[in-house]
Amino acid sequence: MLTTIDYNQLTPVKIQVAKDNVAAGFNNTSPSTDSRLTIAHDIHQLSAQNLTAYMLDYIGGLGFKMVTLGECMGEPEANWYRTPAARVASTSSFPAPTCSSSGSSTVSSAAAVATPTAISTDATCGSAAGTTCKGSQFGDCCSGSGWCGSTADYVRSTVMAQSVYSSC
């Protein structure tokens, strides 16, 4: 497994560290004999827009076939992503799944409640980050993709806004 450590490289200058980790992880590899599970976090804007483009070009250029984790695991595409409203902060609790004798598992339908744990210090917000934009230096609006901004236009629509984490 290759981790890019992108979650710790959230500036335009630092994202190069994640790119270097990708290059080092594929050093002396061959698509005919090697495989890699490469981890990056699409909740971070630089990872989604900058690192992903680099990985597609670099790894694809080496001849490797790239697939999503969901595809690799044989999961239906409908399960690959959750809507922003479905994400909950790490302070939320979920009931433990219970397994039946057939091997299937069920989870109680009680909904977890997401609550912000702090004001954002790095422009990330929402249930994935557990932080609010309210009172942050980046603006009071939390977009559906988890980034603070200063105008309602940044959020794009009230449907996309994470209202618990935003004043917009």
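The values are calculated or read from the model by the stated rules, or taken from the named source; none is laboratory data. What you see is a predicted model, and the numbers here were worked out from it, not measured in a lab. Cβ: placed from backbone, ideal geometry, glycine included. Neighbour counts: every protein chain shown.
Please enumerate the residues belonging to the stretch 32-43 that are of a type outside the set (D, E) and either within 17 Å of T68 (Cα to Cα) or not assigned by TED's automatic domain parsing to the domain that holds L10 (or both).
Of everything in the stretch 32-43, those that are of a type outside the set (D, E) and either within 17 Å of T68 (Cα to Cα) or not assigned by TED's automatic domain parsing to the domain that holds L10 (or both) turn out to be S35, R36, L37, T38, I39, A40, H41, I43.
(1) modelled with pLDDT of 80 or more; (2) more than 18 Å from the chain's Cα centre (by Cα); (3) farther than 26 Å from T131 by Cβ: which one isn't true of C99, the others all being true?
(1)
How about the stretch 15-36: which of its residues are among the charged types (D, E, K, R) and not in a helix (DSSP H, G or I)?
The answer is D34, R36.
Determine if the stretch 33-54 includes at least one residue that is under 30 Å from T121 (Cβ atoms) and exposed (fewer than 13 other Cβ atoms within 10 Å of the Cβ).
Yes; the residues of the stretch 33-54 include at least one that is under 30 Å from T121 (Cβ atoms) and exposed (fewer than 13 other Cβ atoms within 10 Å of the Cβ).
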